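Asker: Encoded as structure tokens, here's the structure I'll be asking about.
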Amino acid sequence: AQSVTQPDIHITVSEGASLELRCNYSYGATPYLFWYVQSPGQGLQLLLKYFSGDTLVQGIKGFEAEFKRSQSSFNLRKPSVHWSDAAEYFCAVGALNFNKFYFGSGTKLNVKP
Amino acid sequence: EAQVTQNPRYLITVTGKKLTVTCSQNMNHEYMSWYRQDPGLGLRQIYYSMNVEVTDKGDVPEGYKVSRKEKRNFPLILESPSPNQTSLYFCASSITGTSGYEQYFGPGTRLTVT
């Protein structure tokens, strides 16, 4: 069965520090992979996506993610976190044939001044 | 402005009283979907629609109905709501196709069933 695991429920980093949010997926074929961000009281906004090709993808707001097929991972990174990055982050997998989507349980990011 | 709208944004109702949450998109997207968000569970897909008159179940369809009579609208119907349907609901849309899996989300509808 398809699933997405985000092992970190909460993460706190200092402003200016680097960030890595983990995402592991279980899917029988090459998945479509996404990272979304949800600010408090808001809907979800797409940060970046991976369909094929270069395994390092760049997104908005200075985020990037790397697809590692051997580890079934799609970790999100940012070299220097800003206070405005405090939000909840969701990793998601899209099923190629069935148009179904599977989301992880989310990681809440706190940013210390 | 390209957007997905949902109404109402907040709703408190009682068990068994039928309700409909509307969703509309102005981007001519073929694909639309409903999700519920619960703490610790992330988003779970309820129903999706590939196009007009084409709908299918997601992972948690029990207790919900949908219809897709027009391309822009995709209402979510709870015919007999129960307290376990208290949740935050999101509608989303995207262009169907290899480039179309980016979903645009509405602002959410917070439903409380007492």
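The values are calculated or read from the model by the stated rules, or taken from the named source; none is laboratory data. Predicted model, so just to flag it, every value in this text is computed and none were measured. Using ideal geometry, Cβ is built from the backbone for each residue, glycine included, and neighbour counts are taken over all protein chains shown.
Asker: I'd like the full set of residues that are away from chain B (no Cβ under 11 Å) and either part of a loop (DSSP other than H, G, I, E, B) or modelled with pLDDT under 95 (or both), limited to segment A:24-46.
Answerer: A:TYR25, A:SER26, A:TYR27, A:GLY28, A:ALA29, A:THR30, A:SER39, A:PRO40
Asker: Among the residues of segment A:18-55, count how many are surrounded by 13 or more Cβ atoms within 10 Å (Cβ to Cβ) and small (Gly, Ala, Ser). Before you say what the answer is, go through the steps one by one.
Answerer: Here is the first cut: in segment A:18-55, the ones surrounded by 13 or more Cβ atoms within 10 Å (Cβ to Cβ) are A:19-27, A:31-39, A:42-51.
Still in the running and small (Gly, Ala, Ser): A:26, A:39, A:43.
The number of residues fulfilling the criteria is 3.
Asker: Kindly indicate which of A:VAL57, A:VAL4, A:VAL81 is within 11 Å of chain B (Cβ to nearest Cβ) and among the β-branched types (Val, Ile, Thr).
Answerer: Details: A:VAL57 fails: within 11 Å of chain B (Cβ to nearest Cβ); A:VAL81 fails: within 11 Å of chain B (Cβ to nearest Cβ).
Result: A:VAL4 is the single residue among A:VAL57, A:VAL4, A:VAL81 that is within 11 Å of chain B (Cβ to nearest Cβ) and among the β-branched types (Val, Ile, Thr).
Asker: What's the number of the condition A:GLY53 fails, among (1) of a type in the set (Gly, Ala, Ser); (2) without any contact (Cβ under 8 Å) to a residue 40 or more places away in the chain; (3) part of a strand (DSSP E or B)?
Answerer: A:GLY53 satisfies every listed condition except (3).
Asker: If you don't mind, another one. Residues in segment B:73-112 that are at pLDDT below 95 and of a type in the set (Ser, Thr, Tyr): how many?
Answerer: The number of residues fulfilling the criteria is 7.
Asker: Follow-up question, since we're still on this one. For the list (1) within 14 Å of chain A (Cβ to nearest Cβ); (2) more than 20 Å from A:GLY41 (Cα to Cα), I need the number of the one condition that B:GLU62 fails.
Answerer: (1) is the only condition that B:GLU62 fails.
Asker: May I pose another question? So, in segment A:73-92, exactly how many residues are part of a loop (DSSP other than H, G, I, E, B) and surrounded by fewer than 16 Cβ atoms within 10 Å (Cβ to Cβ)?
Answerer: Step one: list which residues in segment A:73-92 are part of a loop (DSSP other than H, G, I, E, B), which gives A:79-82, A:86.
Of the ones still in play, those that are also surrounded by fewer than 16 Cβ atoms within 10 Å (Cβ to Cβ) are A:79-80, A:82.
Number satisfying all stated conditions: 3.
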